[in-house]
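Each remark here refers to the structure printed beneath this line.
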Amino acid sequence: LALYQRTGQLTGKQIIVSAGGTVEPIDPVRFITNRSSGKMGYAIAQAAAEQGANVTLVTSSDLPAPAGVQTVHIQSARELLAAMTERFEAANAVIMAAAVSDYRVATPADQKMKKDAANPGLTLELVENPDILATLGANKTHQYLVGFAAETQDLINYAQQKLTKKNADMLIANDVSKAEVGFGYDTNQVTILTRDAQPETLPLQTKIAVAREIMRRVTEAVKD
Ligand code: CTP
Ligand code: CA
């Protein structure tokens with residue numbers, strides 16, 4: 001590790017970040033996922049490592065890991081839940097930037113599904129995935145918990161509801177209906193909600209700049 005990484009304000013702190021979409025199997029060769037690139041979560045992991053934290057990045061993405069960041073690869077929401085739960089007790093802060101699939105296929109097929117000549121359509125039965133952020137929120141003791149909210153309308157209201165309902169300490173809201181914001185882009189424009197302050201809207205900027213702004217606030221909350 002470079003010297004600056006050992007002398008930042010998060011030296012000795014454990015930060016767990018989740019990033020990217022989850023991958024939910026349909027059969028051995030098919031899956032359900034979403035448009036999340038993982039870039040925002042990777043940027044947050046990088047920003048945390050720059051402050052000297054021990055960073056674990058739990059991800060489905062193949063992006064190269066930022067310097068000094070340990071990665072754990074997962075696919076499904078349930079694998080992500082297990083990976084986060086296992087590391088939660090030791091964490092000082094957890095940032096859930098992953099775009100978790102709300103549903104999974106109830107019973108993935110063991111073998112590749114074949115077309116059925118007698119049946120022109122196909123219906124997949126989906127069941128709801130566990131809510132990882134809400135689960136961590138319900139079980140938190142000392143951890144500072146950060147969630148994201150991707151919305152296409154009524155951004156602040158929905159984000160406020162998620163902050164409260166999931167017992168998070170900070171919620172990063174982004175309007176994914178706007179150009180240059182959210183999924184796939186290198187830039188983002190977010191509004192930061194916390195329990196005790198007014199919502200704060202940051203300017204459109206690169207994801208690494210947004211990540212450093214977020215981590216600056218997380219650092220204030222978790223440093224001694
Ligand atoms: N999240 C989670 N587990 C889920 C779904 C979401 O941990 N099963 C987390 C996401 O990582 C994010 C936050 O909850 O930090 C909000 O995700 P979002 O998809 O915006 O909200 P949902 O609660 O899933 O509600 P909806 O998609 O219906 O708006
Ligand atoms: Ca969702």
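The values are calculated or read from the model by the stated rules, or taken from the named source; none is laboratory data. This one's a predicted model, so the numbers in the text were calculated from it and none came from an experiment. No Cβ is skipped: glycine too gets one built from the backbone with ideal geometry, and neighbour counts run over all protein chains shown. What goes into the accessible areas is simple: the full protein's heavy atoms, side chains included, and nothing from ligands, DNA or RNA. Shrake-Rupley method; radii C 1.70, N 1.55, O 1.52, S 1.80 Å.
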What does the extension gain come out to for THR194 and LYS140, with contour length at 0.36 nm per residue minus their alpha carbon separation?
17.8 nm
Take the chain, connect every pair of alpha-carbon atoms lying under 10 Å apart with a spring to form a Gaussian network, then pick out the residue of VAL55, VAL72, VAL181 with the largest mean-square fluctuation.
VAL72
Just to be sure I understand: with springs between alpha-carbon atoms less than 10 Å apart, which residue in ASN174, ASN119, ASN129 has the highest mean-square fluctuation in the Gaussian network model of the chain?
ASN119
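Taking a probe of 1.4 Å, how large is the accessible area per residue of segment 127-188, in Å²?
49 Å²
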Counting other Cβ atoms within 10 Å, keep those with at most 11, restrict to DSSP loop, and tell me which GluC sites (Glu not before Pro) in segment 154-224 are left.
GLU180
Would you kindly give the portion of the calculated P(r) for segment 3-61 that falls above 19 Å, as a percent of all Cα pairs?
42 percent
log₁₀ of I(q)/I(0) at q = 0.09 Å⁻¹ - the chain, Debye sum with one point per alpha carbon:
-0.37
Restricting to DSSP loop positions (anything but H, G, I, E, B) with no more than 16 other Cβ atoms inside 10 Å of their own Cβ, which GluC sites (Glu not before Pro) remain in segment 85-167?
GLU89, GLU125
For each pair in LYS165/LYS207; LYS178/LYS207; LYS13/LYS178; LYS140/LYS207; LYS140/LYS178, compute the distance between the two Cα atoms and list the pairs where it is over 24 Å.
LYS165/LYS207; LYS13/LYS178; LYS140/LYS207; LYS140/LYS178
Modelled FRET efficiency - R0 25 Å, PHE183 with GLN9, Cβ distances, 0.05 increments
0.25
Ratio of segment 1-110's C-alpha Rg to 2.2 N^0.38 Å, to two decimals?
1.14
Placing one equal point scatterer on each C-alpha of segment 168-224 and summing with Debye, one gets log10 I(q)/I(0) at q = 0.12, 0.17 Å⁻¹ equal to -0.28, -0.55
Largest first and to the nearest Å, give the Cα extent of segment 93-224 along each principal axis.
63, 37, 25
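Out of the total accessible area of the chain (probe 1.4 Å, heavy atoms of protein only), what percent is carbon and sulfur? Provide the component values of the computation, followed by the final result.
On the way: 5750 of 11700 Å².
Carbon-and-sulfur percentage of accessible area, whole number: 49.
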